[in-house]
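Got a structure for you, questions after.
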Amino acid sequence: MREILRMNNVSVHFPVKGGLPFLKRGVIQAVSDVSLTIAHGETYGIVGESGCGKTTLANAMIGMVKPTSGEVLFAGKDLLRLPKEEFKKARQKMQMIFQDPFSSLNPRFNVYQIVSEPMFIRGEDDQEAMIARVVELLELVGLSSEDLYRYPSDFSGGQRQRLGIARAISLNPSFLVCDEPVSALDVSIHAQILNLLVMIQEQMKLTYVFISHNLADVKNICDRMAVMYLGKVMESGSSDRIFKRPLHPYTQALLAAVLDTTFDEKREQIILQGDIPSPIDPPLGCRFWQRCPQAMEGCKTIPPEHLEVEDDHVVACHLVHGFPAVELPDGYDRPVESLKK
Ligand SMILES: Nc1ncnc2c1ncn2[C@@H]1O[C@H](COP(=O)(O)OP(=O)(O)OP(=O)(O)O)[C@@H](O)[C@H]1O
Ligand SMILES: [Mg+2]
């Protein structure tokens, strides 16, 4: 695998704001100790419930948030320790498409200004060349030169997302984060925008990080993926293998919740009890134990390791690997009573 991005033990913590000054303030552990690799030209999916840290993880990949600890290597270089100028250049290679095409475009800018802004910021000043480049980009995303001086309010959601894509690829990036790029769109537009993304990826040889709640999309377009829960990756690797044989109870529950004919086998529905715990004070052991239908006593206190179960299929779960071979107190391998109804 020729890797383009690697994360080693990345954590991102945010301070909790507010509260009384003399009270101890906690930290939000948005991303905890995540390690992953992304290959050149692949589409890497990130899935998980709202608030589990998908956007924060993606922001850390492209240097938009600074990890509290760990390292991010982009094209072999440590992104966080690059000199300012080199960091700027690396950042131009990494762009992002946002979920909401209504709020992510400046309503006071026209199409030309929106799409050319990144080039302008980079220091380009040849107006004619920029207009030609913007027209080329508009045509690539299915808009035209007639749209140059229109404003975002003149466009539908799908067209605005096309504009967001044109802007994101204007500097010829090699790495593009698509943060729920189609979830705000109608079903009919949804497929069109996905097809456009796939076409652009082929044409420009891009690597995608694709964040989505829609597992059918992830199954269709992602080569590899990570399943996140409360800031941690629970299962990762080849998406074919994960969809075929999900091993983490959380992944099993996510996949089982999809009532979709795109999946080959019928899976029994697993209803997860309770809400996601707070990332301010996450559980000590496995982050999922409080909602896991198969939790054991040891899961409460012993964090599971990330171990490969087959080629490019990594799972962090005691049910799969067993507890580490240390002296465990009595009953650690017994099911958690409160969860067994
Ligand atoms: N700038 C910030 N300051 C403080 N807390 C933050 C910040 N950004 C994110 N968080 C918190 O970090 C956690 C992870 O948020 P994040 O936006 O990464 O989740 P997500 O998986 O992208 O969710 P969604 O599916 O809703 O987009 C949440 O608890 C969120 O409130
Ligand atoms: Mg998000």
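Structure shown: which of Lys66/Lys300; Lys54/Lys232; Lys219/Lys244; Lys54/Lys88 lie over 18 Å apart, alpha-carbon to alpha-carbon?
On the way: Lys66/Lys300 30 Å; Lys54/Lys232 10 Å; Lys219/Lys244 10 Å; Lys54/Lys88 23 Å.
Pairs exceeding the cut-off: Lys66/Lys300; Lys54/Lys88.
Farthest toward the dipole's positive end in the chain, which of His190, Ser278, Gly331, given Cβ charges of +1 (Lys, Arg) and -1 (Asp, Glu) about the Cα centre?
Ser278
Met296's amide H: which non-local residues (gap 5+, or another chain) put their own amide H closer than 5 Å, with H modeled 1.01 Å from N in plane and none for Pro or chain starts?
Sorted by chain and number, the residues that satisfy this are Val336.
Ok, one more. Using modelled backbone amide H atoms (1.01 Å from N, in-plane), which distant-in-sequence or interchain residues come within less than 5 Å of Ser35's amide H?
Asn9, Val10
Would you grab the residues whose amide H sits under 5 Å from the one on Val65? Only those 5+ places off in sequence or on another chain, please, with H modelled 1.01 Å from N.
Here the answer is Ala60, since their amide H atoms fall under 5 Å of that of Val65.
Measure nothing but the geometry: give the 0 to 90° angle between the long axis through the Cα atoms of 157-168 and the longest principal axis through the Cα atoms of the chain, rounded to 10°.
It works out to around 80 degrees.
Moving on. Residue by residue through segment 309-315, which ³J(HN,Hα) values in whole Hz follow from phi under the Karplus form 6.51 cos²θ - 1.76 cosθ + 1.60 (θ = phi - 60°), with glycine and proline marked x?
9, 8, 3, 6, 8, 10, 9
Let me ask something additional. Relative contact order, percent, of the chain when contacts are C-alpha pairs under 8 Å separated by at least 6 residues? Please report the intermediate quantities before stating the final value.
Values: 602 pairs, mean separation 61.1, N = 341.
Relative contact order, the chain: 18 percent.
Which aspartates and glutamates does Lys205 reach when only Cα atoms under 15 Å apart count, and residues fewer than 8 places away in its own chain are ignored?
Counting by Cα, and skipping residues close in sequence, Lys205 has these aspartates and glutamates nearby: Glu3, Glu42, Asp223.
For the chain, what does -39500 (n - 2.57) per DSSP helix run (n ≥ 4), summed and divided by total residues, give at 222 nm, in deg cm²/dmol to the nearest 500?
Numbers: 10 runs with 98 residues, N = 341.
That calculation yields -8500 deg cm²/dmol at 222 nm.
All of the numbers you see were taken from the coordinates with simple rules; none came from a lab. Fair warning: this is a prediction, and the values are worked out from it, not measured in the lab. Quick reminder, even Gly has a Cβ in these numbers, built from the backbone with ideal geometry, and neighbours come from all protein chains shown.
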